[in-house]
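What follows is a short report on a single structure.
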Amino acid sequence: LTPVACDIETTGFNFLTDKIQTISFSHESGTYVIPWEHKDTPEELGEGSIVSDVVKRILTNPSNIKVFQNAKFDLKFLHTKGIQAVNVWDTKVMQHLVNENVPKSLNDLVNMYFPEELEEDVVC
């Protein structure tokens with residue numbers, strides 16, 4: 001199974017009233033950011049377009065693993081768009097299973113598991 005990291009950015013925290021602004025996918029081939037309901041999204045890329053069909057195909061494909069941080073947040077927003085992601089892994093839940101006593105924010109997990117990569121990116 002091929003892992004695909006997924007993340008959405010929203011206008012707020014309420015999946016019933018706020019909107020998805022962007023959806024991003026990271027894969028071994030690169031990172032792709034798709035404007036969804038962003039103020040600058042061209043009409044032809046919005047909901048119901050071929051781009052939204054591709055997003056749905058990626059997220060509903062059982063042949064890849066979708067990796068989210070705090071998946072329940074993103075999945076609620078996707079559900080409002082009729083997208084039922086399958087084969088979802090959640091880094092927050094996985095870390096809880098490894099050690100429930102450590103912080104589980106994305107920043108904490110990156111610092112814990114990839115500190116050397118953070119040091120390389122620091123610009124003085």
- prompt: Under 6 Å by Cβ, and 6 or more places apart or on different chains, what pairs join a residue from region 80-93 that is over 14 Å from I65 (Cα atoms) with one that is part of a loop (DSSP other than H, G, I, E, B) and open to solvent by less than 50 Å² (accessible area, probe 1.4 Å)?
  reply: K92/Q69; K92/N70; K92/K104
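Within region 6-34, which residues are in a strand (DSSP E or B), open to solvent by less than 40 Å² (accessible area, probe 1.4 Å), of a type outside the set (S, T, N, Q) and over 20 Å from V86 (Cβ atoms)?
We begin by selecting, within region 6-34, every residue in a strand (DSSP E or B); these are 6-10, 20-27, 30-34.
Now restrict to residues that are open to solvent by less than 40 Å² (accessible area, probe 1.4 Å): 6, 8, 10, 20, 22-25, 30, 34.
From what is left, the residues that are of a type outside the set (S, T, N, Q) are 6, 8, 20, 23, 25, 30, 34.
Across region 6-34, the qualifying residue is only G30.
What do you reckon, is V88 more than 19 Å from V4 (Cα to Cα) and either at pLDDT 90 or above or among the β-branched types (V, I, T) (or both)?
Values: more than 19 Å from V4 (Cα to Cα): no; either at pLDDT 90 or above or among the β-branched types (V, I, T) (or both): yes.
Spelling it out, it is not the case that V88 is more than 19 Å from V4 (Cα to Cα) and either at pLDDT 90 or above or among the β-branched types (V, I, T) (or both).
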- prompt: Scanning for something assigned to a loop (DSSP other than H, G, I, E, B), open to solvent by 50 Å² or more (accessible area, probe 1.4 Å) and modelled with pLDDT under 85, does region 45-56 turn up at least one residue?
  reply: yes
task: Within region 80-91, track down each residue that is open to solvent by 50 Å² or more (accessible area, probe 1.4 Å) and under 17 Å from E9 (Cβ atoms).
output: T80, K81
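Looking at the structure I just gave you, is L59 out of contact with any helix residue (DSSP H, G or I) (no Cβ under 6 Å at 6 or more places or on another chain), open to solvent by less than 50 Å² (accessible area, probe 1.4 Å) and either of a type outside the set (A, V, I, L, M) or not in a strand (DSSP E or B) (or both)? Reasoning before the result, please.
On the way: out of contact with any helix residue (DSSP H, G or I) (no Cβ under 6 Å at 6 or more places or on another chain): yes; open to solvent by less than 50 Å² (accessible area, probe 1.4 Å): yes; either of a type outside the set (A, V, I, L, M) or not in a strand (DSSP E or B) (or both): yes.
Spelling it out, L59 is indeed out of contact with any helix residue (DSSP H, G or I) (no Cβ under 6 Å at 6 or more places or on another chain), open to solvent by less than 50 Å² (accessible area, probe 1.4 Å) and either of a type outside the set (A, V, I, L, M) or not in a strand (DSSP E or B) (or both).
The values are calculated or read from the model by the stated rules, or taken from the named source; none is laboratory data. On a predicted model such as this, the values are computed, not experimentally measured, just so you know. Positions of Cβ are backbone-derived with ideal geometry, glycine not excepted, and every protein chain shown enters the neighbour counts. Accessible surface areas use protein heavy atoms only, side chains included; no ligands, DNA or RNA. Shrake-Rupley method; radii C 1.70, N 1.55, O 1.52, S 1.80 Å.
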